[in-house]
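See structure below.
The values are calculated or read from the model by the stated rules, or taken from the named source; none is laboratory data. Here the structure is a predicted model, which means the values were calculated and not measured. When we count neighbours, we look across all protein chains shown, and the Cβ atoms used for this are built from the backbone with ideal geometry, even at glycine.
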Amino acid sequence: MKRDWGIWLLLCAVVFGMPLFIRSPYYYSILIFIAIYGIVVLGLTLLMGYAGQVSLGHAGFFGLGAYFSAILTVHLHLNPWPAMGIALIATVLVAFILGIPTLRLRGHYLAIATLGLGVVLQIIFKEELELTGGPSGMGGIPYFHLSSITFSNDRKYYFLCWIFLIILYGLSINLVHSRIGRALRSISQNQTAAGSLGINVSWFKLLMFGLSAGYASLAGSLYAHYLTFVNPSPFGFMASVKFMAMVVIGGSSSLWGALLGTALLTSLPEFLAVLEDYEMLVFGAILILVMMFAPKGLAGIFSWIYQTIRNKVKKQDAPAG
Amino acid sequence: MEWYDQLLQYLITGITTGAVYALVALGFSIIYNSTEIINFAQGEFVMLGSMIAVSLFPLLGVPLWVAVILAVAITALIGLIFERLAIRPVRNGSVINLIIITIGGSILLKGIAVLIWGKESRSLPAFTSTEPIKFFGATLSGQSLWVMAGTLLAVILLHYFYEKTITGKALRACAFNRKAARLCGISVERMVLFSFGLSALLGAFAGVLITPITYTAWDAGTMLGLKGFCAAILGGIGSNPGAVMGGLVIGIVESLSAGYLSSGYKDAFAFLILLLMLYLRPAGILKKKLEKV
Amino acid sequence: MLRLDEIAKSFGGLKALDQVGFQVQPGEILGLIGPNGAGKTTLFNVISGILHPDSGKVFFREQNITGLATHQIAKLGLCRTFQNPAIFEEMTVLENLMAGYHLQGRSGFFSAILKPPWERKEERSIRERAMEMLSEIGLKGSAQAGAGSLSFGKMRMLELGRALCSHPELLLLDEPAAGLNHNETEELAEYIGRLRSRKITIIVIEHDMSLVMDLSDRIVVLDQGRKIAEGAPKEIQRDPAVLKAYLGEEDWIKSLRR
């Protein structure tokens, strides 16, 4: 727990120190996307790493958040903040309705259901022309305001997104180290034994599913009010796969690993852009290679390095002492 | 056209696409049975089959049927290589990790396809230049007939293979109980390898059959793969007759809903059926019971 | 305390339980014995809600619990252990016990993420009680060790301790002595004996006959899914039906007659 809060503090320091070093809006925008995707991935990590469930449709919840925010502010002229809240509640509700019947089943039925939901949602975004603007999208989404501050430039938005991420990260750390966190970890290790201790297995899975959908919805709202424009293409199956890949490459049972995975996979395409046509090839290869050689992801590699160094230091200390 | 002619026309279209979904679903089912992996690269096998046929045909100047057979064979080989390089080294890993590897494989294969063939869509000529057949008020194109006949042939051969050959029986034994199969001297590794080859072969076959009707491109496999997956779940994953049924049901529902309800939502119906299915009969249309938590 | 009415359960064509019925009195230790495949563990699974019977009813404290989910039954005060200790291997020993206190805790989702003072207090008290339980089961030294690194005997004790954390009124123990050495078995027997004084009702499946004969107030014998005998240990040792069921298992007969 102490280590988690240590990493949290380190992250705070980096977030608030970063603006001293960067000037270019290009870097700000990459960092903003890392924060937005990071929020989705935090939720997904709680679901995959702690509750042991796979979702192949989180881009759908991400899109729901974005579109609810967009529709409520553009068509109904709502203030972005309450719109974000309504989007959150509505998305979590959708997740609950989808989750209740499937979570009772063993196996990967949740993954299958989320995959279906994700695809259906993207088609709805494409087809409901009057509401969503169809494939060409909808613009004119207002910026967030806070009294006299308008979050319109990249620098301000950078702080807004990262503060959201830091808060959600903190709440997630609390959750993991609580009675519920313990229940979740026991479920992922032995469902039957967890049940025999009075832990309501399907309720906790459902709770995590709803929570992760909520995180994705918040991220979606942040996304919509940043670009002030949404279209269906970033909310498809491939996006869901990328979110899942971020969790897995980072290391699915650690929150900070997930953030690391997000940072890597979000900035990687920027570097890979040089490769142009090779981008997909490299992305696919990375996914396979990480799964083959580091199934616990980056977090696993770092833990291993940390342990090795610590053991070496201990060995060196031993003869001296 | 009278309403019944129209209905008939929709049914013909539905059965044609449904047959292709059925072949893809069979591929999912075969791999699931031997490994419990859901192979998300299944759609890419379809794409590879058709793309390879498209480029071999004019390139080598061979007759179309030679190009088709070569394309199917090459794709089957790619399936085998995929298993050897990416699946076998981690065969003891968790199922989630293996599924992610197949997703990585799917992205990788798409990347390779973009490199080789670029991003434009391509097509094959119809297998035979038969005149469309008037069938009551509807028309049945020559290629539709090829698709239906090809699928039927594949299903019959597969059935024969599972029932009559040693390898087929060994595959069934693996699906039933892997440990027991191993104790009986069946090499489970070989069966897994074989199942990847077989489902790549079926996928590629589906690809070459449908390409003269629908065109193909580097990303054509994704949707086909997902629909085939819906079909496999609908039929109860792991059941071969179920996969065929599921494919036909999805093809027909899709075609009817596109005709009568909304063409824009055509792609959504397969998934709506899938969701409905999970609510009502999670074990698939042909199975009866499923263990609950 | 517990009443079973004509429980039946089959798997395919095999009748694992065939019209099994008996009662357990409050505060009693009931031994459940029978040859391998007699249906003992299946019966435990039915009582604890992991399996649902094809027919028949389970009453716990006069309440019909047939068909309830495992966690609901646990909440009513019925906890169990498993044949292979079902501990959470990737958690520490202390965390395993703290998970056992799940039902004692009140903190929900919002208090978990916001950690108000009362939640911290509750966590502290759960941690303290878990530490007490650790010393009670003799594992105090391994609090921070990974549960997966314990010896088999200690895993069994940990699982038993974890089950006790939920303050059960009825405890089902599935072969608690299997895989234990002589000393560990004696410690276990003594510990179970102490539980009797705490008014915990216990049903124990056990193959170690001397252990089960010493501990139990009464014994129920299952064979091929049917109850073939019920009574005090002395009567069971002489029961011809029981001896017949164990025919061919010489060691068992010896241990029965001892």
Among B:106, B:129, B:123, which is the only one that is among the polar types (S, T, N, Q) and surrounded by fewer than 13 Cβ atoms within 10 Å (Cβ to Cβ)?
-> B:129
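State all residues of segment C:189-204 that are surrounded by 12 or more Cβ atoms within 10 Å (Cβ to Cβ) and outside any helix (DSSP H, G or I); if no residue qualifies, say none.
C:200, C:201, C:202, C:203, C:204
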Number of positions in segment C:164-187 that are surrounded by fewer than 22 Cβ atoms within 10 Å (Cβ to Cβ), touching a residue at least 24 places away in the same chain (Cβ under 8 Å) and in a helix (DSSP H, G or I) = 4
Look at residue B:102 and say whether it is of a type in the set (Val, Ile, Thr) and under 18 Å from residue B:217 (Cβ atoms).
-> no
Of the residues in segment A:106-160, those that are of a type in the set (Ser, Thr, Tyr) and away from chain B (no Cβ under 13 Å) come to A:136, A:143, A:147, A:148, A:150, A:152, A:157, A:158
For residue C:15, state whether it is of a type in the set (Lys, Arg), assigned by TED's automatic domain parsing to the domain that holds residue C:193 and within 18 Å of residue A:193 (Cβ to Cβ).
-> no
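Please determine whether any residue of segment A:259-267 is within 14 Å of chain B (Cβ to nearest Cβ) and at pLDDT below 85. Can you show your working first?
Taking segment A:259-267 and keeping what is within 14 Å of chain B (Cβ to nearest Cβ), we get A:261, A:265.
Right, trim to at pLDDT below 85 and you get none.
Checked against the condition, which is being within 14 Å of chain B (Cβ to nearest Cβ) and at pLDDT below 85, segment A:259-267 yields no hits at all.
Check segment C:137-160 and report whether any residue there is among the acidic types (Asp, Glu) and free of Cβ contacts under 8 Å to residues at least 12 places away in the same chain.
Within segment C:137-160, none of the residues are among the acidic types (Asp, Glu) and free of Cβ contacts under 8 Å to residues at least 12 places away in the same chain.
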Within the set of pairs 6+ apart or on separate chains, which have a first residue in segment B:125-141 that is over 18 Å from residue B:215 (Cα atoms), a second that is in a loop (DSSP other than H, G, I, E, B), and C-beta atoms under 9 Å apart?
-> B:130/B:141; B:132/B:141; B:133/B:141; B:137/B:1; B:137/B:2; B:138/B:1; B:139/B:132; B:140/B:132
Residue among A:86, A:124, A:97 that alone is within 26 Å of residue A:147 (Cα to Cα) and of a type outside the set (D, E, K, R) | A:86
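Quick check on this structure: which one of C:77, C:39, C:105, C:31 is within 13 Å of chain A (Cβ to nearest Cβ), of a type outside the set (A, V, I, L, M, F, W, C) and closer than 18 Å to residue C:2 by Cβ?
None of the other options fit; the residue is C:77.
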Please go through segment B:217-253 and pick out each residue that is crowded, with 24+ Cβ neighbours inside 10 Å, within 11 Å of another protein chain (Cβ to nearest Cβ) and more than 19 Å from residue B:99 (Cβ to Cβ).
-> B:218, B:234
Hey, can you tell me all the residues within segment B:75-108 that are touching a Leu at 6+ places or on another chain (Cβ under 8 Å), β-branched (Val, Ile, Thr) and facing chain A (nearest Cβ under 10 Å)?
-> B:87, B:90, B:100, B:101, B:103, B:107
Do we have any residue at all in segment A:65-72 that's under 30 Å from residue B:233 (Cα atoms), among the polar types (S, T, N, Q) and in contact with a His (Cβ under 9 Å, 6 or more places away or on another chain)?
-> no
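Here's the yes/no breakdown for (1) more than 23 Å from the chain's Cα centre (by Cα); (2) surrounded by 19 or more Cβ atoms within 10 Å (Cβ to Cβ); (3) over 30 Å from residue C:96 (Cβ atoms):
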residue	(1), (2), (3)
A:141	no, yes, yes
A:145	yes, no, yes
A:150	yes, no, yes
A:157	no, yes, yes
A:173	no, yes, no
A:178	no, yes, no
A:184	no, yes, no
A:192	yes, no, no
A:196	yes, yes, no
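Could you check segment C:115-145 and list, in sequence order, the residues that are in a helix (DSSP H, G or I) and away from chain A (no Cβ under 14 Å)?
Selection gives C:128, C:131, C:132, C:134, C:135, C:136, C:140, C:141, C:142.
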Does residue B:28 satisfy being hydrophobic (A, V, I, L, M, F, W, C), outside any helix (DSSP H, G or I) and either in contact with an Asp or Glu (Cβ under 9 Å, 6 or more places away or on another chain) or surrounded by 24 or more Cβ atoms within 10 Å (Cβ to Cβ) (or both)?
-> no
Tell me, which residue of segment C:95-114 that is modelled with pLDDT under 90 and assigned to a loop (DSSP other than H, G, I, E, B) is farthest from residue C:143 (Cα to Cα)?
-> C:108
Please go through segment A:271-299 and pick out each residue that is assigned to a helix (DSSP H, G or I) and within 19 Å of the chain's Cα centre (by Cα).
-> A:283, A:287, A:297, A:298, A:299
Matching residues in segment C:83-94 (assigned to a loop (DSSP other than H, G, I, E, B), touching a residue at least 60 places away in the same chain (Cβ under 8 Å) and more than 7 Å from chain A (Cβ to nearest Cβ)) number 3
Are there any pairs, at least 6 apart or on different chains, whose C-beta atoms fall under 8 Å, with the first in segment A:176-197 and at the interface with another protein chain (Cβ under 7 Å from one of its Cβ atoms) and the second surrounded by 24 or more Cβ atoms within 10 Å (Cβ to Cβ) and among the charged types (D, E, K, R), and if so, which?
-> A:196/C:80; A:197/C:162
Please find, among B:131, B:120, the residue that is within 22 Å of residue B:43 (Cα to Cα), more than 10 Å from chain A (Cβ to nearest Cβ) and acidic (Asp, Glu).
-> B:120
Filtering segment A:199-230 for residues that are touching a Ser or Thr at 6+ places or on another chain (Cβ under 7 Å) and at pLDDT below 95 leaves a count of 1
Given the conditions (1) facing chain B (nearest Cβ under 10 Å); (2) crowded, with 21+ Cβ neighbours inside 10 Å; (3) under 28 Å from residue B:118 (Cβ atoms), and given that residue A:239 satisfies all but one, which numbered condition is not satisfied?
-> (1)
Does segment B:25-76 hold any residues that are of a type in the set (Val, Ile, Thr), out of contact with any strand residue (DSSP E or B) (no Cβ under 9 Å at 6 or more places or on another chain) and at pLDDT 90 or above, and which are they?
-> B:30, B:31, B:52, B:68, B:69, B:72, B:74, B:75
Quick one: is residue A:115 in a helix (DSSP H, G or I), touching a Gly at 6+ places or on another chain (Cβ under 7 Å) and not basic (Lys, Arg)?
-> yes
Quick one: count up the residues across segment A:73-91 that are surrounded by 22 or more Cβ atoms within 10 Å (Cβ to Cβ) and either of a type in the set (A, V, I, L, M, F, W, C) or assigned to a loop (DSSP other than H, G, I, E, B) (or both).
-> 4
Please work out which residue is surrounded by the fewest Cβ atoms within 10 Å (Cβ to Cβ), limiting yourself to segment A:161-171 and to residues that are facing another protein chain (nearest Cβ under 10 Å) and in contact (Cβ under 8 Å) with a residue 12 or more places away in the chain.
-> A:170
